[in-house]
Amino acid sequence: MYILMLFSIIYFNTYSIICKNNIMTIKMNMQEIQIEYCNLKNVYIENKKIRIFFKKRDNYSLIILYKAPNGNISTIQLPLMFLNKNHLNKFLKNFILKSKKSNNVIKAQRYQLKRLLIKTALFIIIWLIIIITVII
């Protein structure tokens, strides 16, 4: 079962990004997403601290914010687990990099944090209700 899980994780986390003159093509699993550079809003690397067996580890992801054909801003989050550092630097040289965070990124991060806090609070409240009903 662990071998099956390992192969499925590796397969479903593979992707390729091809940057051409006017368009960026992302191939993930059986999908192909084409994004014009004028529709790109932001490309950045996110660093999250995660716990694996009580140890904190750095988990890096490449986040691509772009304007979808329906007018909404969409997000693609790509893992950087097995990516070679040279390939990453070569990809990032295709873009003009800024060291500041844009307002869209800050809003998206705050929204994700609020969702996480609400889910955690609901989880704790439900468990407290269950514990109280068992005790009474």
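A compact table of results
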read-out	value
Accessible surface of ILE73 - all protein chains present, 1.4 Å probe, nearest 10 Å²	90
Rounded to the nearest 20 debye, dipole of the chain from Cβ charges on Lys, Arg, Asp, Glu	580
Computed accessible area, LEU113, all protein chains, 1.4 angstrom probe, square angstrom	90
LYS49, LYS67, LYS55, ranked by accessible area, largest first (probe 1.4 Å)	LYS49, LYS55, LYS67
Computed over the chain: relative contact order in percent, which uses C-alpha pairs under 8 Å that are six or more apart	12
Span from the segment 105-136 Cα centroid across to the segment 12-84 one, whole angstrom	28
Computed FRET value (nearest 0.05) for ARG115 with THR75, which takes r as the C-beta separation and R₀ as 22 Å	0.95
Using alpha-carbon coordinates, inclination of helix 103-135 to the longest axis of the chain, degrees	20
Estimated [θ] at 222 nm from DSSP helical runs (n ≥ 4, -39500 (n - 2.57)) normalised by residues in the chain, nearest 500	-13000 deg cm²/dmol
Between 0 and 90°, nearest 10: helix 2-12 axis offset from the chain longest Cα axis	40
Extension gain, ILE33 back to ASP58 (0.36 nm per residue minus Cα-Cα distance, nm)	6.2 nm
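The values are calculated or read from the model by the stated rules, or taken from the named source; none is laboratory data. What you see is a predicted model, and the numbers here were worked out from it, not measured in a lab. Positions of Cβ are generated from backbone atoms using ideal geometry, with glycine treated the same way; all protein chains shown enter the neighbour counts. These accessible areas exclude ligands, DNA and RNA; they are computed on the full protein's heavy atoms, side chains included. Shrake-Rupley method; radii C 1.70, N 1.55, O 1.52, S 1.80 Å.
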